[in-house]
Amino acid sequence: MTLGTTSILNRPAYIFDLDGVLVDTAVFHYAAWKRLANQLGFDFTEAQNEQLKGVSRVESLEKILHWGEVSKTEAEKLALAQQKNDWYLEMVAKMTASDLLPGVLEFLEQASAAGKKISLGSASKNAPLILEKTGIARFFDAIVDGNEVTLSKPNPEVFLCAARKLGFSSGDCLVFEDAEAGVAAAVAGGMAVVGIGEEGALPEANVLVPNLSRLLK
């Protein structure tokens, strides 16, 4: 690690996004959304799925209906969102620690041993279940998910709420994010950011690594 990276990691509070940082359930979301789109009579591409990163379930459905040029009542939208979530949960129920991304378990162990306060900051309403299924719930001092916040990233609400729960100011928090909207949310909230992605991605992040294994001591 570089000196700059070590300095960034010295912050006392860590806030993690879920999908793409700790686990990769994007493939589950994609499969469920694609199944829903196909049921409605149109296709849903991987490129479109990328645009849903960090976006709430309701907003994701709105985008998909727009792409498919399909109109639904509010009641029908609620039913469709629930159907998608049911399909998604069928896949999530089979998750184990083997579904953690590289370096996640070891990094959380190191952070916890170092006395870091750790929170989740995710739009996912299924985050607690995923943390339990993958065996990492024990590391989290707080969880802020889609059940607690109303504003999607790039609004910083989810991260500001996590900071409050941990009892730290924004400047004491380090966010781990893989999506542009999430990085923008962290920056808007006055927090430093470790971006998870390929070289050249997430230019607003303070540090960029392909996965958490690159940050292990």
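Numerical summary
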item: Alpha-carbon spread of the stretch 93-146, three principal axes, descending order, Å; result: 30, 24, 15
item: Protein accessible area in the stretch 73-173, 1.4 Å probe - carbon and sulfur %; result: 53
item: Most fluctuating residue given options Glu50, Glu132, Glu76, as computed from a GNM of the chain linking Cα atoms under 10 Å; result: Glu76
item: Residues Glu132 and Asn10, FRET efficiency given R0 of 22 Å [Cβ-Cβ distance, rounded to 0.05]; result: 0.15
item: Degrees separating the helix 74-92 axis from the principal Cα axis of the chain, which is the longest one; result: 60
item: Cα→Cβ-extended label distance, 7 Å offset, between Ala113 and Ser169, nm; result: 3.1
item: Where Asp145, Asp99 fall by accessible area, highest first, once all protein chains stay in place (1.4 Å); result: Asp99, Asp145
item: For the stretch 6-45, fraction of C-alpha pairs farther apart than 13 Å, in %; result: 66
item: Solvent-free Debye scattering, log10 I(q)/I(0), computed from the Cα coordinates of the chain at q = 0.10, 0.12, 0.14, 0.15 Å⁻¹; result: -0.43, -0.61, -0.82, -0.94
item: Alpha-carbon centroid distance for the pair the stretch 106-183 / the stretch 50-80, whole angstrom; result: 25
item: Rounded to the nearest 20 debye, dipole of the stretch 53-171 from Cβ charges on Lys, Arg, Asp, Glu; result: 220
item: Average accessible surface area per residue within the stretch 13-161, 1.4 Å rolling probe, Å²; result: 46
item: Distance-filtered residues of the stretch 177-217 - backbone nitrogen under 20 Å, label point 7 angstrom along Val27 Cα→Cβ; result: 178-179, 196-198, 210-213
item: For the chain: relative contact order, % (alpha-carbon pairs under 8 angstrom, 6 or more apart); result: 27
item: Enclosed volume per residue, in Å³, of the convex hull spanned by Cα atoms of the stretch 108-200; result: 102
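The values are calculated or read from the model by the stated rules, or taken from the named source; none is laboratory data. Note that the structure is a prediction, hence the values are computed from the model and not measured. For neighbour counting, all protein chains shown are included, and Cβ atoms are generated from backbone atoms with ideal geometry for every residue, glycine included. With ligands, DNA and RNA removed, areas are computed over all heavy atoms of the protein, side chains included. Shrake-Rupley method; radii C 1.70, N 1.55, O 1.52, S 1.80 Å.
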